[in-house]
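Q: Okay, here's the structure, questions in a sec.
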Amino acid sequence: MELKLILTMFRRWSWLLVIGLIVGGGAGYVLSLYQTPEYLASTKVMVMEPLGNNVSNVNDLNDKELADTYMELLLTQPILESVSQKVGQTVRASTIKAVRVRDTGLLEVTVRDTNPEQAALIANTLVAVLIEYNEALQMSRFSSSEQSLELQVNEIESELGQLEQNIEQRSEQNSEAKQLATEQRKVELEQQIFTLQGEIARLEQDIDDLTPDVLPNQLPTPLTPEQREQLNDRRTQLAQKQFVLDLAKESYFKLVLPEETAALTEPAATQNLEQANLELYRQLYSTLLSNYEAVRLARLQNTPNVVQVEKATPPPLPIQPGPLRNIILGALIGLLVTGAIAFTLEYLDDTLKTPQDIANVLGLPVVGYVANEAAVEKSEGMPYVAANPRSPMAETFRTLRTNLEFASVDKPLKTILITSPGSSEGKTTIASNLAAVIAQANKRVILLEGDLRRPRVHRALGMTNQVGLSDVFRGQMDIRDVARYSKVKDLAVITSGSLPPNPAELLGSARMSHILARLVESASVVVIDSPPFVVTDATVLAAKVDGVLLVIQPGKTHAEAARALLAQLNRAGAHVVGVVLNRVPRKSANYYGYYRYDSDSPAYSVETQPAETSPAANGRAKGIALFSNGKAVNGRIGEETSS
């Protein structure tokens, strides 16, 4: 479809488009009046990738995929149910929208609600629940390992506590026993030391007694062998006692005796074994605790970080209703709907509207354009062009007359049949005004009523229909007797007369051909107003005339009907001169070459004769002298020869 045709279609349906705009805009305004106010609260959330390198495939996503994942996670049923429980009302996914801020790791979460405070509360609660749910979701992946390690750590802690308690109790018991033994040993050592000291003192006294006194300048008295043996024995005992005393003193200070060490050997060994077990449990506890912390660290590293960077606040103004927005949106919808309706109607409409349509469908030229003017259709008693010779409509028919002259350069058009594909397309109006405008050029014209079913020529010219063509067929009257003058000079009219029962047979008879031949001898042009092609009368007449002029009303004549008409004319051997577009809208731009004149603009000057006003004007014309100068016409329109 060409741009020009599209613009033409929009111009033709502009009224419907305007109605669509008005109705759509009005509907949008009414909707705004009854629409419940809604508020929009927004918050921003930052989603960061996990910090760890050993990230599982679940979290191996780029920034966009990660953002899309959390946008979908926001609308899952578990989160919505949790939010609904916390805010005390049902939260639907349709009221929540999450979008990713372009080229960032931020998500903008918006919530719609009829209460501004509730909208902000839902938005903030939604983010808090998302953070909790995210941590719980990631924690579940490591929960089994954490629980197992935590259980083992607790068991080791319990064993360590029990072992340390046992060692402490045993240590306290050993300390008390050792202190008691030490006190007893002190007493024993003190008694032993006291006894040894007394014995040592006696031995020293005995040694002194056995040792002879030595006077100055005198030799010592020699000892007897017995005395010497006793002295050596006392000295040996003294040395032994002295050694024992030293040992007692040493033990006293150390509080340890050789017998006690042997008695405490077994408890010390038990204590050493328990101490070794304690060290082993401590090492195992340290290992398990390290593994537990490693699992927790891995969970934290593999969990994307979700942080609320901007909290939602109650919006001051509602987002709807927006009267202006609703009006514009309603107007656009109305425009689209009416545009679709117009396009559909245009697509389904197969009527002929433009000269281009006629050229494409029929292949015929458009030889005339007649505007849609009510005065032309209602004119009675005289053709409109005769009553208004300087009107734009008269100039339109003069243009049609001129085009017909150029169409008959090779073969003059003596008889012209005016017909149409359907009824009520203005054939009689075209025929009567065309005959009048040809007669205004001082040419003799006969307007013949060829519609013997629904004749209208006598009404258009204000005549009676008592006698006419049917009387000639019956042989009751001659053609000269039924021809009557009109109010236009050089225009004679033959009406239909009484309606026959078999018009198609009459019009196709040889007598009809004879009648046409006699009329051609008497006039320059014979214009025949025929019935539409819904009956066979027009086809019969088309084969007997020099040219056929089709009358088509734009927007009414269907393409198929016009195509069938043309095919029927071609089969009949008719010569179709062209097409006259009747009742053309004055404001249409489709009819290039159609002249328009304002009511104040002067028309072309045309020399016309005053209408016949004699009493015989509506009477019968006698003999061959149908016209005032008594001449027959044998040439092309505008050419006269003597009879």
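Q: Can you pull out the trypsin sites (Lys or Arg not before Pro) in region 310-353 whose DSSP state is coil and whose Cβ has at most 15 other Cβ atoms within 10 Å?
A: Those satisfying the criteria are Lys311.
Q: Between Val307 and Ala375, how many nm apart are label points set 7 Å from Cα along the C-beta direction?
A: If labels sit at Val307 and Ala375, their model points lie 8.7 nm apart.
Q: Another one. Amide H neighbours of Gly547 under 5 Å, counting only residues 5+ apart in sequence or on other chains, H built in-plane at 1.01 Å?
A: Here Thr415, Leu417 satisfy the definition.
Q: Shifting gears a bit: Could you compute the net charge surrounding Val472? Neighbours are other residues with a C-beta less than 10 Å from the C-beta of Val472; K and R count +1, D and E count -1.
A: +1
Q: Got a sec to turn the phi values of region 282-291 into Karplus ³J(HN,Hα) couplings, 6.51 cos²θ - 1.76 cosθ + 1.60 with θ = phi - 60°, whole Hz, x for Gly and Pro?
A: Each residue of region 282-291 in turn: 5, 5, 5, 4, 5, 5, 5, 5, 5, 5 Hz.
Q: How much accessible surface area, in Å² rounded to 10, belongs to the heavy atoms of Thr539 with a 1.4 Å probe?
A: Accessible surface of Thr539 is approximately 20 Å².
Q: Classify region 60-142: rounded, prolate or oblate, from the alpha-carbon gyration tensor (a ≥ b ≥ c, eigenvalue square roots; a/c under 1.5 rounded; otherwise prolate if a/b is larger than b/c)?
A: It comes out oblate by the Cα gyration axes.
Q: What FRET efficiency, computed as 1/(1 + (r/R0)^6) with R0 = 22 Å and r the Cβ-Cβ distance, is obtained for Thr36 and Ile328, rounded to the nearest 0.05?
A: 0.60
Q: Accessible surface of Arg92 in the full protein assembly, 1.4 angstrom probe, to the nearest 10 Å²?
A: Rounded to the nearest 10, the figure is 150 Å².
Q: A further question on this structure: Determine the gain in length on full extension of the stretch Asn360-Gln197; use 0.36 nm per residue of separation and subtract their C-alpha separation, reporting nm with one decimal.
A: Contour length minus Cα-Cα distance gives 43.0 nm.
Q: Please list Phe10, Phe397, Phe406 from largest to smallest accessible area, probe radius 1.4 Å, with all protein chains kept in place.
A: Phe406, Phe10, Phe397
Q: At a Förster distance of 30 Å, what's the computed FRET efficiency of Lys4 paired with Phe406, Cβ-Cβ distance as r, to 0.05?
A: 0.65
Q: Sort out for me the Cα centre separation of region 105-135 from region 307-340, rounded to whole Å.
A: Computed from Cα coordinates, the inter-centre distance equals 21 Å.
Q: Here is a further query. Per residue, how big is the convex hull of region 362-403 when only Cα atoms are used? Give it in Å³.
A: Residue-normalised Cα hull volume stands at 84 Å³.
Q: With a cut-off of 11 Å, note down the residues of region 408-445 whose backbone N falls inside the zone around a label point 7 Å from the Cα of Gln568 toward its beta carbon.
A: Within reach of a label on Gln568, which here means backbone N under 11 Å from a point 7 Å along Cα→Cβ, region 408-445 contributes 420-423.
Q: In terms of modelled amide H atoms, which long-range or inter-chain residues lie less than 5 Å from the amide H of Glu310?
A: Lys44
Q: Ok, one more. At a 1.4 Å probe radius, carbon and sulfur cover how many percent of the accessible area of region 406-535?
A: Carbon and sulfur: 49 percent of the exposed surface of region 406-535.
Q: Now a separate question. Quick one: what are the phi-derived ³J(HN,Hα) couplings along region 525-534, Karplus 6.51/-1.76/1.60 with θ = phi - 60°, whole Hz, x for glycine and proline?
A: 9, 10, 9, 10, 8, 10, x, x, 7, 6
Q: Pull out the extension gain between Leu273 and Asn166, defined as 0.36 nm times the separation in residues minus the alpha carbon to alpha carbon distance; nm, one decimal.
A: Contour length minus Cα-Cα distance gives 37.3 nm.
Q: Once the piece of chain linking Glu250 and Thr69 is laid out straight, how much longer is it, given 0.36 nm per residue of separation minus the C-alpha distance between them?
A: Between Glu250 and Thr69, full extension yields 56.8 nm more.
Q: With each pseudo-label sitting 7 Å past Cα toward Cβ, what's the Leu284-Asp481 distance in nm, one decimal?
A: 14.7
Q: OK, next. By per-residue mean of other Cβ atoms within 10 Å, what is the highest-first order of 362-372, 474-484, 281-291?
A: So the peptides 362-372, 474-484, 281-291, ranked by packing, come out 362-372, 474-484, 281-291.
Q: Which order do Lys487, Lys544 take by accessible area at a 1.4 Å probe, largest first?
A: Lys487, Lys544
Q: Could you give me the ³J(HN,Hα) list for region 114-126, computed from phi with Karplus coefficients 6.51, -1.76, 1.60 and θ = phi - 60°, whole Hz, x at Gly and Pro?
A: Whole-Hz 3J(HN,Hα) from phi for region 114-126: 6, 10, x, 5, 5, 4, 5, 4, 5, 4, 5, 5, 4.
The values are calculated or read from the model by the stated rules, or taken from the named source; none is laboratory data. Worth saying up front: this structure is predicted, and the values here are computed from it rather than measured. Every residue, glycine as well, gets a Cβ built from its backbone with ideal geometry; the counts of neighbours run over all protein chains shown. Ligands, DNA and RNA are excluded from the accessible area calculation, which covers all protein heavy atoms including side chains. Shrake-Rupley method; radii C 1.70, N 1.55, O 1.52, S 1.80 Å.
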